[in-house]
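The structure appears right after this line, and notes come after that.
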Amino acid sequence: MYRKIYLIIKYFLISTLLISCANKPAIQPENMQVSFVTVHHSKLLIPVNATYQWSEGFVHQASEGRLHYIDMWSLLKQEIEQEMQDKGYRKMAQTEQADIDISFVAALTSALDDNKIQQQYGLVPGLVTPRIDHHKYEKGTLVFDVVNPKTQGLAWRTAGQALASLEDIPAAERQARIAVFVKKLLAFLPDTK
């Protein structure tokens with residue numbers, strides 16, 4: 001009797017698990033690949049309620065390459081500013097002295113490969129993408145810098161790599177993916193709240 005009940009319960013649990021797994025869309029592993037590296041170049045004491053501004057001379061430093069139809073620079077800048085705000089930083093006007101200056105560079109591998117990243121920025125996140133469909137995805141890199149405005153020296157640098165979808169996906173989905181990536185990229189930047 002107990003054996004029959006045990007088998008019925010076991011059958012029910014296995015069936016439930018199989019049905020629930022079948023109803024969920026499969027997550028493509030290439031969509032989840034990311035790699036980050038962070039380097040602290042100097043000690044920079046960031047006060048509570050710190051302020052930031054874009055570095056002097058900061059200009060359009062994102063190369064769209066094969067994503068020429070998307071304004072990636074604006075999307076990245078917007079998400080970086082949102083994450084800075086979420087971490088408690090307040091944006092200052094260029095005419096005022098901020099606690100930190102920030103800037104970023106973003107590019108796909110076709111415009112900025114790992115060798116160039118190593119030469120120009122001294123670090124490579126090292127995302128390996130051996131089995132991707134190069135018609136659908138390309139590795140993208142985002143380098144984010146924090147500069148000490150008093151010394152003009154680099155205080156903190158982080159770089160991240162992820163696969164960028166080359167397909168025409170909904171703008172909201174692309175923005176959500178960028179937001180998640182920027183949040184992970186800036187995870188080690190201290191909160192100022």
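Numbers at a glance
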| read-out | value |
| --- | --- |
| Built amide H within the under 5 Å cut-off of Trp54, gap 5+ | Ile102 |
| Sites Ala111 and Val34 - FRET efficiency at Förster radius 22 Å, r taken between beta-carbons, to 0.05 | 0.70 |
| Listed residues Ala172, Asn148, Val182: farthest to the positive end of the dipole of the stretch 73-193 (Cβ charges) | Asn148 |
| Charge sum, other residues only, whose C-beta stays under 14 Å from Gln97's C-beta, Lys/Arg counted +1 and Asp/Glu -1 | -1 |
| Histogram of C-alpha separations across the stretch 28-185, 5 Å bin width, % | 2, 9, 18, 22, 21, 14, 9, 5, 2, 0 |
| 16 Å Cα-Cα reach of Lys91 towards aspartates and glutamates, excluding residues that sit fewer than 8 places from it in its own chain | Glu56, Glu79, Glu81, Glu83, Asp99, Asp101, Asp145, Asp191 |
| Cα-Cα over 21 Å, subset of Lys77/Lys139; Lys87/Lys116; Lys139/Lys184; Lys43/Lys116; Lys77/Lys136; Lys43/Lys87 | Lys87/Lys116; Lys43/Lys116; Lys77/Lys136 |
| Inter-label distance for Leu123 and Ile70, nm, one decimal - labels placed 7 Å from Cα along Cα-to-Cβ | 2.4 |
| Taking only Cα atoms of the stretch 133-193, radius of gyration then Dmax in Å | 14.9, 46 |
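A short reminder: the numbers here are calculations on the coordinates, not readings from a lab. Just so it is clear, the model here is predicted, and its values are computed rather than measured. Heads up, the Cβs are rebuilt from the backbone with ideal geometry, glycines too, and the neighbour counts pull from every protein chain shown.
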